[in-house]
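Report on the following structure.
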Amino acid sequence: MNGVSGRMGYRQHLVRSILAIREQGGVELSDGRRVQVEPLLVGRNEAKLAELARRHGLEHYTTDLDAALADDRWQIYSDFLVTKARASALRKAIAAGKAIYTEKPTAETFEEALELARLADEAGIKNGVVHDKLYLPGLRKLRRLIDSGFFGRILSVRGEFGYWVFEGDWMPAQRPSWNYRTEDGGGIIVDMFPHWNYVLEYLFGRVESVYARAVTEIPERVDEQGRTYKATADDAAYAVFDLAGGITAQLNSSWTTRVNRDELVEFQVDGTHGSAVVGLFGCKIQPRNATPRPTWNPDIPDGHDYAADWHEVPPLDLNGAEGFENGFKVQWEEFIRHVAEDAPFPYDLLSGARGVLMAEKGLESSRTGARVDIPEVTAENLRELAGTVDGGAR
Ligand SMILES: NC(=O)c1ccc[n+]([C@@H]2O[C@H](COP(=O)([O-])OP(=O)(O)OC[C@H]3O[C@@H](n4cnc5c(N)ncnc54)[C@H](O)[C@@H]3O)[C@@H](O)[C@H]2O)c1
């Protein structure tokens, strides 16, 4: 587990996923057997790793990544480093023949992301990329609504993601400062578009083009050491995506907005037969036969409670993944099954590369002001594309 002392590495991957899996006695396989996990904490600061190991009663930690990769006891290399440090570490782990499980974005440029997918393919190693939003209870309920045909023909998707990230002067910022510096791999497009790509692709259809406007709303922030720095990265992005099948998606991503919704991310899906609003946990629906019939009248104050016209969808399995399970953990379990018994796992480095490509095209759109087409990236055209990409537009 490389980068395990970081925000994501520690909370979501170590504590909420791997330690939780250990505590429950491992991951259950299809034949009822259980496979247990043993983490090796990897990082640059030995004292920090020792303290983490002590706190959680863990045996193994090291600052020597190469030695860890050379050691056959460790089967999966997982990566939660800052984005900038990821590609070089992944390259080494692929060369060492480890299975790979990594945070997104998989690389800083599409060219590099594609190269990683190709190397993993050639090495024949199992690989997976965090697609955590698909595992959120709210989005799992949405998946079920789509599969059941609830929406009829889906027309559009509108998403709002964001909250106010403090500048760091009088109130400490709640995200690491590198996120606000392009030169350190930051930016909301680079951070969020990889998520939007897999959410749109796996729920609604391939993203065929993007129009995006990326802005740096807050030009100066204060870092972890109390130093003022120039925020060079985009902290808000307003985007429209065209999806296969004619669905339009508009998604706002912002660290400079104040929340006036039920959750920090919310999607509204409108279809001919019904609509849904989903968040991390919640999912409410309005079928067409329970849709109110508003008429526009600016002369009469409208006392109707529109929020009351929606019906909350309960989880199917009240205690399982749709209920309270952590999405990172559920995806880890699937990946471990993929490694242990070859269970299917579609969210690979190629899918990760498509996410990086969408971020790159989003930035290109913002720079040029044009709508930008997104080429298809599949296992079939992987080699072809690897020879033609133009070095990454960023
Ligand atoms: N899936 C999600 O929802 C989600 C959310 C936030 C962040 N992320 C991704 O997770 C990754 C980590 O983000 P974070 O917020 O935890 O960041 P963080 O700064 O808290 O942690 C980064 C880790 O990388 C290590 N590190 C920093 N520079 C390094 C270098 N040059 N060489 C080796 N190690 C280095 C740090 O010591 C730390 O352990 C990023 O790629 C980010 O895009 C994903």
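Readers should treat all values here as calculations from the given coordinates under stated rules, not as data from a laboratory. Computed from a prediction, not measured in an experiment: that's the story for all the values here. In this analysis, Cβ positions are derived from the backbone assuming ideal geometry, glycine residues included, and neighbour counts consider all displayed protein chains.
So if each residue of separation counts as 0.36 nm, and I subtract the Cα-Cα distance between A85 and R175, what length gain in nm does that give? All intermediate terms of the calculation are to be shown ahead of the outcome.
Working: separation 90, 0.36 × 90 = 32.40 nm, distance 1.80 nm.
Taking 0.36 nm per residue and subtracting the Cα distance, the gain is 30.6 nm.
Looking at region 134-312 alone, DSSP beta bridges between its own residues are antiparallel in about 85 percent of cases.
For helix 83-95, report the angle its Cα long axis makes with the longest principal axis of the Cα atoms of the chain; keep it between 0 and 90° and round to the nearest 10°. So the inclination is approximately 50 degrees. Principal axis extents of the C-alpha atoms in the chain (largest first, rounded to whole Å): 74, 52, 50. Simple point charges give the picture: +1 on the Cβ of Lys and Arg, -1 on the Cβ of Asp and Glu, and for the chain a dipole about the Cα centre of about 320 debye.
Against the main long axis of the alpha-carbon atoms of the chain, helix 137-148 sits at an angle near 60°. Take each peptide in 227-233, 202-208, count the other Cβ atoms within 10 Å of every residue, and average; sorted highest first, the result is 202-208, 227-233.
Note on the chain: dipole from Cβ charges, positive end direction compared against V130, Y163, Y180; the farthest Cα belongs to Y163. Relative contact order (percent) for region 217-287, with alpha-carbon contacts under 8 angstrom and 6 or more residues of separation? RCO, region 217-287: 17 percent.
Would you please classify the overall shape of region 1-132 from the alpha carbon gyration tensor, given that a ≥ b ≥ c denote the square roots of the eigenvalues, rounded means a/c under 1.5, and beyond that prolate means a/b larger than b/c while oblate covers the rest? Walk me through the numbers on the way to the answer.
On the way: a/c = 1.63, a/b = 1.24, b/c = 1.32.
It is oblate, given that a/c is not under 1.5 and a/b is not larger than b/c.
Structural descriptor for the chain: relative contact order 21 percent, calculated from alpha carbon pairs under 8 angstrom and at least 6 residues apart.
Rounded if a/c is under 1.5, else prolate if a/b is larger than b/c, else oblate: which is region 134-312, with a ≥ b ≥ c the root eigenvalues of its Cα gyration tensor? Verdict is prolate for region 134-312. Rounded to the nearest 10 degrees, the angle from helix 110-123 to the longest Cα principal axis of the chain is 50 degrees.
Taking the highest mean first, how do the peptides 9-15, 216-222, 294-300 order by number of other beta carbon atoms within 10 angstrom per residue?
Values: 9-15: 20.3, 216-222: 15.7, 294-300: 6.6.
My ranking of the peptides, most packed first, is 9-15, 216-222, 294-300.
For K141, the lysines whose Cα falls under 27 Å of its own Cα, not counting residues fewer than eight places away in the same chain, are K104, K133, K284, K329.
With n ≥ 4 as the cut-off for DSSP H runs, can you work out [θ] at 222 nm for the chain, using -39500 (n - 2.57) per run divided by the number of residues, rounded to the nearest 500?
Values: 10 runs with 116 residues, N = 394.
Dividing the helical sum by the residues of the chain leaves -9000 deg cm²/dmol.
Taking 37 °C and 0.692 mPa s as conditions, region 85-160 diffuses translationally at an estimated 221 µm²/s according to Stokes-Einstein applied to its Kirkwood radius (Cα pairs). In terms of its C-alpha gyration tensor, region 100-210 has an oblate overall shape, because the principal axis ratio a/c (a ≥ b ≥ c, square roots of the eigenvalues) is not below 1.5 and a/b does not outweigh b/c.
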